[in-house]
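J.: Before we start, here is the structure in question, set down as structure tokens.
The values are calculated or read from the model by the stated rules, or taken from the named source; none is laboratory data. Worth saying up front: this structure is predicted, and the values here are computed from it rather than measured. Note that we place each Cβ from the backbone using ideal geometry, even for glycine, and neighbour counts take in every protein chain shown. Note: areas computed on protein heavy atoms with side chains; ligands, DNA, RNA excluded. Shrake-Rupley method; radii C 1.70, N 1.55, O 1.52, S 1.80 Å.
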Amino acid sequence: MIRLLFIVVSLYVSTSIAASKCLDVDLILTNGTIYSGLNDRSFVGTIASKESKIIYVGDILPDSLHCAGAKVINLSGKYIYPGFTDAHGHLKGIGYRELSLNLQGISSLSETLEVVKNYLSTKELGDWIIGRGWIDKVWPENRFPTRWDLDSFAPNNPVVLERADGHAVVVNSTVLKLANIDSNTEDPQGGFIEKDINGEPTGLLVDMAMNLIADFIPKLTREDDKEAFLEGIKRNVSLGWTQIHVPGGTFDDISILNEIKSENKLLQRVYFMVSDGEPADRLLKQGPIIDPEHLLTVRAIKMYADGALGSRGAALLEKYSDYDGKGVFIFLEEETRPRLIKALNKGIQIGTHAIGDHGNRVVLDWYEDTFIEAKKNNNFLVSPRWRIEHSQNITPQDQRRFVELDIIPSMQPSHAIGDLHFAIDRLGLDRINNAYAWRNLINQGLIIAGGTDAPVEIGDPRIEFYAAVTRKDLDGFYDEGWNLDQRLTRFEALKMFTIWPAIASFEEEVKGTIEVGKFADFSIFDKDLMTIPEQIILEAKNILTVVNGKVVFQE
Ligand SMILES: [Zn+2]
């Protein structure tokens, strides 16, 4: 039936084309297996675009029907999806990870140290060695790195290695000496200097203790930031990402991105959320910055409610199952509430980080109160599409409130499969059923904007897609009691990274599916993500990325 409809549509298009002799197009992708994103099926066909928009989707576009000059790419049956969007990715951080020593995804401490050692051998004596992304969760050594590990091969270069979550660094003795940190140094407010049984610092500095070394690390300049953005963009389009929602940043970042755009180097679309505080107040004053080309839009504010589950900072209603505490809140209510009402009046979206069930409840309370107040003053914008970033643990009663208040959960499948190694310890078997509850949320009629939280996670569409449909870690492992029933269908996973993020950024009219009139944004893979066996998803490869009708990456 669907197939029949398609033939009718393409016949209609073909007739109208014939009347105008030849079709003036820039780019033609022929012989592709097309997933339009409108349903879970594919068909073999051709897509043509002119400037930034799709102007033809159908079975074939005969040579005789297009004018000379179009770039034609024969896809030999490869798989075309609507452009993938990462609805939560820290673009500058992704770039800095690429520019510095990237320690993400290394599965043991010994290998991590080996990588640092090799990197050091490419550097001069005295150069700063700055690495990011190590995570001990799956290391067989089952311990943090220490300064002595680093001293053994780096006695003369300052070394700083940041944990993937950004909440801790390990440094070598050279850095401790520079910063005058020794056995007598006291822990700063909101952080600690890890010490061994003899009272000697181990080199691990947690949270606010990281500030003790900040002044000694060479300062990053605007040029560095620009290079990081460019590097992040380049890396993202090579993986098939055509858009990113950036959760937090400054007006300096926006000015750099504008410059990159004016140089025609903004290869992926950016939907930008400014950070709470001074940037938020500035945006509230001037109102949303909506780009008619949809390349760089700024119409949202990123706020924070609580911490993260791994470090037991997520705010829970009841105590942690493995710790005598309920987590922490990170906000000043008297500053937050007035910003919310102003944002609603100006059509500015709010996206608040909330992980724990208490964190999520408090944010729902804020949002609800704001909506009630706006309605009282006849100021209520229909469908403000406010979001909760992460939405990790939500009681069933509060899941209902997402529906009633029309809040968009913005979630990262890779968090679930990373956290499955400790989430049951933290939450216990009852509460785990309310965690990463994708299936429950979707069954109640919600959409989920899918993201990666890179550079906290790796930030690869294959990993996210795999995580969404399997809920198992990359080795296929999951723990007893882990709620596999929350996993998604392939089509739901596809929507999570295409049309649903488009709705979350108010752009579903112009992107998110492959349809005539929408932007020509495509992610093209060598494998059929919708049908291949689960484990093969991770082996699929992005071979071509098209944004705004232009090839921005080709293998
Ligand atoms: Zn984040």
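J.: If you count, for each residue, the other Cβ atoms within 10 Å and average over each peptide, how do 326-338, 30-42, 157-169 line up from highest to lowest?
T.: Peptide ranking by packing, descending: 157-169, 30-42, 326-338.
J.: Suppose we keep just the DSSP beta bridges with both residues in the chain; what percent of those would be antiparallel, to 5?
T.: 45 percent
J.: Using a probe of 1.4 angstrom, how much of the accessible area of the chain is carbon and sulfur, in percent?
T.: 52 percent
J.: What number comes out for the charge environment of T489, summing +1 per Lys or Arg and -1 per Asp or Glu over other residues with Cβ under 10 Å away?
T.: Summing Lys and Arg as +1 and Asp and Glu as -1 gives +2.
J.: Same structure, new question: Show the residues, 5+ positions off or on another chain, whose built amide H is closer than 5 Å to the amide H of T202.
T.: Amide H neighbours of T202, under 5 Å, 5+ apart: E194, K195, D196.
J.: Using only alpha carbon pairs under 8 Å that are at least six residues apart, calculate the relative contact order of region 273-394 and give it in whole percent.
T.: Rounded, it is 26 percent for region 273-394.
J.: Karplus couplings for region 23-29 from phi (6.51 cos²θ - 1.76 cosθ + 1.60, θ = phi - 60°), rounded to Hz, Gly and Pro as x?
T.: For region 23-29, the Karplus curve yields 9, 7, 10, 9, 9, 10, 9 Hz.
J.: Would you kindly derive the ³J(HN,Hα) couplings of region 305-311 from the backbone phi angles with the Karplus curve 6.51 cos²θ - 1.76 cosθ + 1.60 (θ = phi - 60°), listing them in order in whole Hz, with x for Gly and Pro?
T.: Computed from phi, the couplings for region 305-311 are 10, 8, x, 10, 6, x, 8 Hz.
J.: Just to check I understand the Karplus step: with θ = phi - 60° and J = 6.51 cos²θ - 1.76 cosθ + 1.60, what whole-Hz values come out for region 357-369, glycine and proline as x?
T.: Karplus values, whole Hz, x for Gly and Pro: 5, 6, x, 5, 5, 4, 5, 4, 4, 4, 4, 4, 4.
J.: When ranked by the protection proxy of mean other Cβ atoms within 10 Å per residue, highest first, what sequence do the peptides 210-219, 355-364, 100-109 form?
T.: Going by the mean number of other Cβ atoms within 10 Å, highest first, we get 355-364, 100-109, 210-219.
J.: Then there's this: Going down the list K265/K511; K226/K527; K261/K541; K177/K219; K265/K472; K137/K177, which pairs span over 25 Å between their C-alpha atoms?
T.: K226/K527; K261/K541; K265/K472; K137/K177
J.: 7 Å from Cα along Cα→Cβ at both E534 and N264: what's the point-to-point distance in nm?
T.: 4.6 nm
J.: Counting C-alpha atoms alone, how compact is region 177-289: give Rg to one decimal and Dmax as a whole number, in angstrom.
T.: Every Cα atom of region 177-289 included, Rg and Dmax give 19.4, 57 Å.
J.: I'm a student and want to see the number: the projected area of the Cα convex hull of the chain, averaged over all directions, in nm².
T.: So the Cα hull casts an average projection of 27.3 nm².
J.: Also: For D225, what is the net charge nearby, where nearby means another residue's Cβ is under 13 Å from its Cβ and Lys, Arg count +1, Asp, Glu -1?
T.: -3
J.: Among DSSP beta bridges whose residues both lie in region 198-315, state the antiparallel percentage, nearest 5.
T.: Of those bridges, close to 10 percent are antiparallel.
J.: Could I ask something else about it? Using only Cα atoms, what Kirkwood radius does region 267-398 have, in angstroms?
T.: When all Cα pairs of region 267-398 are included, the Kirkwood radius is 15.6 Å.
J.: Here's a follow-up. Given H placed on each backbone N at 1.01 Å, which residues far from K53 in sequence or on other chains put an amide H within less than 5 Å of it?
T.: Those qualifying (amide H under 5 Å, at least 5 residues apart or on another chain) are A520.
J.: Here is a further query. Counting only the heavy atoms of the protein chains, how much of W482 is accessible to a 1.4 Å probe, in Å² to the nearest 10?
T.: 20 Å²
J.: To continue, here is another question. What residues have an amide H closer than 5 Å to that of K527, excluding those fewer than 5 places away on the same chain, when H is modeled at 1.01 Å from N in the peptide plane?
T.: Correct list: Y79, K541.
J.: Still on this structure, please answer the following. Give me the 1.4 Å probe accessible area per residue for region 328-388, excluding ligands and nucleic acids, in Å².
T.: It amounts to 44 Å² per residue over region 328-388.
J.: Can you give the extra length, in nm with one decimal, that the chain gains between T489 and L220 once fully stretched, where that is 0.36 nm per residue apart less the Cα-Cα distance?
T.: In short, 92.5 nm is gained.
J.: Under 10 °C and 1.306 mPa s, how fast does region 110-234 diffuse according to Stokes-Einstein, given a Kirkwood radius computed over C-alpha pairs? Answer in µm²/s, whole number.
T.: Here the translational diffusion coefficient equals 104 µm²/s.
J.: With the dipole of the chain worked out from charges on the C-beta (+1 for Lys and Arg, -1 for Asp and Glu) around the Cα centre, which of N31, H358, V160 lies farthest toward the positive end?
T.: Of the listed residues, the answer is N31.
J.: How much length is gained if the chain between E480 and K195 is pulled fully straight, taking 0.36 nm per residue apart and subtracting their Cα-Cα distance, in nm to one decimal?
T.: Once the chain is fully extended between E480 and K195, it gains 99.1 nm.
J.: Then there's this: Using every Cα-Cα pair within region 228-302, state what percent have a distance larger than 14 Å.
T.: 58 percent
J.: Take the alpha-carbon centre of region 399-437, take the same for region 186-246, and report the distance between them in whole Å.
T.: With region 399-437 and region 186-246 each reduced to a Cα centre, they are spaced 27 Å.
J.: Something else now. Summing Lys, Arg as +1 and Asp, Glu as -1, what charge do residues with Cβ under 9 Å from the Cβ of A209 carry, A209 excluded?
T.: Cβ neighbours under 9 Å give a net charge of -3.
J.: Could you rank the peptides 408-416, 273-281 by their average count of other C-beta atoms within 10 Å per residue, with the highest value first?
T.: The most tightly packed comes first, giving 408-416, 273-281.
J.: Something else about it: I need to check one value: relative contact order of the chain, counting alpha carbon pairs closer than 8 Å and at least 6 residues apart, in percent.
T.: Relative CO of the chain lands at 17 percent.
J.: If you don't mind, another one. Looking only at region 400-555, where both bridge partners belong to it, what percent of the DSSP beta bridges are antiparallel (to the nearest 5)?
T.: Expressed as a percentage, antiparallel bridges in region 400-555 total about 80.
J.: Over all pairs of distinct alpha carbons, what does the Kirkwood formula give as the hydrodynamic radius of region 350-449, in Å?
T.: 13.9 Å
J.: Expressed in whole Å with the largest first, what are the equivalent ellipsoid semi-axes of region 77-144 derived from the C-alpha gyration tensor as the square root of 5 times each eigenvalue?
T.: Semi-axes (√(5λ), whole Å): 29, 18, 13.
J.: A further question on this structure: Evaluate the relative contact order of region 175-307 (contact order divided by residue number), counting alpha-carbon pairs under 8 angstrom at least 6 apart; express in whole percent.
T.: 17 percent
J.: How far, in degrees from 0 to 90, does helix 251-262 lean away from the longest principal axis of the Cα atoms of the chain, to the nearest 10?
T.: Computed tilt is about 40 degrees.
J.: Kirkwood hydrodynamic radius (Cα pairs, Å) of region 471-555?
T.: Across region 471-555, the inverse of the average 1/r is 15.0 Å.
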